[in-house]
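Engineer: After the structure tokens below, expect a handful of questions from me.
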Amino acid sequence: MSEAELPLEKAEQPTTQTVAADSKTWRPLRFFNLYRFTLALLLVLLSQFEPLPPPLGDYSVRLFFLSSLFLLAFSVLYMFSIAHRWPGFRIQLHLQVVLDILLITLLIHASGGIGSGVEMLLLISVANGSMIAGGRSAGLLAAIAAISVLLEQGYTLLALHDSHFNFPQAGFLGVALFATAFLVQILARRARESEALASQRELDLANMAEMTEYVIQQMGTGVMVVDNSDRVRLMNNPAKKILGAGEAPADRLAALSSELLEQFHSWRDNRFFRPRVMNLNGDIKEILPRFKPISNRAGTLIFLEDASIANRQAQQLKLASLGRLAGSIAHEIRNPLGAISHAIELLAESPHLDKQDLRLSEIILEQSRRIDSIINSITQLGRRDSTSPVHIPLESWLQRFVDEFRTHFKVSHDEIETTVTPAELSIHFDSDHLHQIMLNLCQNGLRHAREGGGRPPYLTIVAGQLANGRHFIDIIDSGPGIGEEEQAIIFEPFYTTQSKGTGLGLYICRELAGANRAQLDYQRTTEGESRFR
């Protein structure tokens, strides 16, 4: 299908290739015709003066006027044909240049032939046609112009018996026409190559910019650009999500996060300032900002990174070390520990031991079991990454868990209750990991509730959904709570306030939650109760 036959809807929505092709064909032809129209209009206006400026019209003023008028009429006609692109580009180009050559030859003849100076118009027309057409067409147009000049000279000599002829000058003009055509063709080819190279570079830059934009939008790190007036110039989608901004985010950093603005000002005043971890918009995810100056005037690049990723990497290294340690402990200690426990059990069955010796044997056996419990807890850390998440309806799962917990630990109905809102709430989680986490937290909560005194002990399990779409499970107890100083270290391994505890319970719970892309934190309720979320 030719360009003239393209559907209207495609013409109304040109592609990049169509625009590039138009810049090499129809647009130059349109400018060429504009030159033709201006030249013809000027010649027609000059024809109205009497006498004409010499040597214009020296031989025939009437022929000069008619040739100029026809050139003007054809240029007007070309405006419509170019606008409608009919006939095709090649046909129009050759037809226009050939008619220009014929009419300019008549102007040369009307002005007294070669030497009048009008022949320079031939050089311009051939140069324009050769530049636009390129290839073999340049030589063809130059040949037509040279033949036209020679025919004009021959007609002047043979038909009119006029002495105003100059075949050597006509020959030199023909050589000039061919030289102009080929020189313009070379220059045009180089110009097209330069344009093609520039277009390719432009396309490469556009692709690079698009790829960069895509990578920035798809990366997990929030990226934003803030100028020296605290105005947000750019922001990718992760940054919008972290800061809780909508499709049209605020243009001021203060409107997005006052804490981030405070850290930004602190860094701007002191480049050695070390940013702090933030919890933005009530999200449990920890965000660590990083600031990078772009230039003195362009502003600052702010990265909002998920600090939990770095924490997970550190924990993975720690777990790898603990796994190797646990293997060594299990190999080096379990066998002699088992022998000690077995020997103490046999010794306790001896009838020759008094009560004091029996009590000592019980202490040894109890501490041996505690050591074995610590070893088991440590070895569990090596299995945290082997998760098998399944679809868990929380209401039915929690009900089964509470029934089992009541039966196993002899808990009355008044001491524990569950609430799930909405009732159809469900999660993807490893069922064994969730059971271990809930069992540990409920045991701790019930123990602290019973030791609290002052009010009846109870344990409340609440499951629901936050405003940001995240699901949560709260284990709330009526115990005395945890002090502010202890809250920062309760999840550290081997920290415990119980003489018989291993100090690994909460640490293992947090690690198992992290293995399932969840997070475990301690909070206080508005009533001052302890809450593990």
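Engineer: Short version: ³J(HN,Hα) in whole Hz for each residue of region 118-135, in order, from phi by Karplus 6.51 cos²θ - 1.76 cosθ + 1.60 (θ = phi - 60°), x for Gly and Pro, what are they?
Structural biologist: 5, 4, 5, 5, 5, 4, 5, 5, 5, 5, 5, x, 5, 5, 7, 6, x, x
Engineer: Going Cα to Cα from K292, which aspartates and glutamates come in below 14 Å? Please leave out same-chain ones fewer than 8 positions away.
Structural biologist: Answer for K292, where 14 Å is the Cα cut-off: D227, D269, E305, listed by chain and number.
Engineer: Report, to the nearest whole %, how much of the accessible area of region 89-201 belongs to carbon and sulfur atoms, 1.4 Å probe, protein only. Walk me through the intermediate numbers first.
Structural biologist: Working: 3910 of 5440 Å².
Answer for region 89-201: carbon and sulfur cover 72 percent of the accessible area.
Engineer: A further question follows. How do L398, L325 rank by accessible surface area computed with a 1.4 Å probe, from largest to smallest? Each step should come with its number before you reach the end.
Structural biologist: Values: L398 0, L325 85 Å².
Accessible-area ranking of L398, L325, largest first: L325, L398.
Engineer: Check the straight Cα-Cα distances from K355 and name the aspartates and glutamates below 20 Å, setting aside those fewer than 8 residues away within the same chain.
Structural biologist: Straight-distance partners of K355: E345, E366.
Engineer: Sticking with this structure for a sec: Over region 33-100, average the accessible area per residue using a 1.4 Å probe and give it in Å², no decimals.
Structural biologist: Numbers: 3920 Å² over 68 residues.
Roughly 58 Å² per residue, with all protein chains present.
Engineer: Now for a separate question. How would you rank 521-530, 470-479, 250-259, highest first, on the average number of other Cβ atoms within 10 Å across their residues? List each step's numbers first, then the result.
Structural biologist: Details: 521-530: 13.4, 470-479: 19.5, 250-259: 15.4.
For the peptides 521-530, 470-479, 250-259, the packing ranking is 470-479, 250-259, 521-530.
Engineer: For the peptides 435-442, 234-241, what is the packing order when you average, over each peptide's residues, the other Cβ atoms within 10 Å and list the highest mean first?
Structural biologist: Peptide ranking by packing, descending: 435-442, 234-241.
Engineer: Sort 210-220, 39-49 by the packing proxy (mean of other Cβ within 10 Å over each peptide's residues), most packed first.
Structural biologist: Details: 210-220: 11.1, 39-49: 15.5.
Top to bottom by mean Cβ count within 10 Å: 39-49, 210-220.
Engineer: Starting from 0.36 nm per residue, how many nanometres of slack lie between L77 and D269 once their C-alpha separation is accounted for?
Structural biologist: Numbers: separation 192, 0.36 × 192 = 69.12 nm, distance 7.05 nm.
Using 0.36 nm per residue and subtracting the Cα-Cα distance, I get 62.1 nm.
The values are calculated or read from the model by the stated rules, or taken from the named source; none is laboratory data. None of these values were measured; they are calculated from a predicted model. Virtual Cβ from ideal backbone geometry, glycine too; neighbours counted across all protein chains shown. When the accessible area is computed, the model is the full protein with side chains, heavy atoms only, and any ligands, DNA or RNA have been set aside. Shrake-Rupley method; radii C 1.70, N 1.55, O 1.52, S 1.80 Å.
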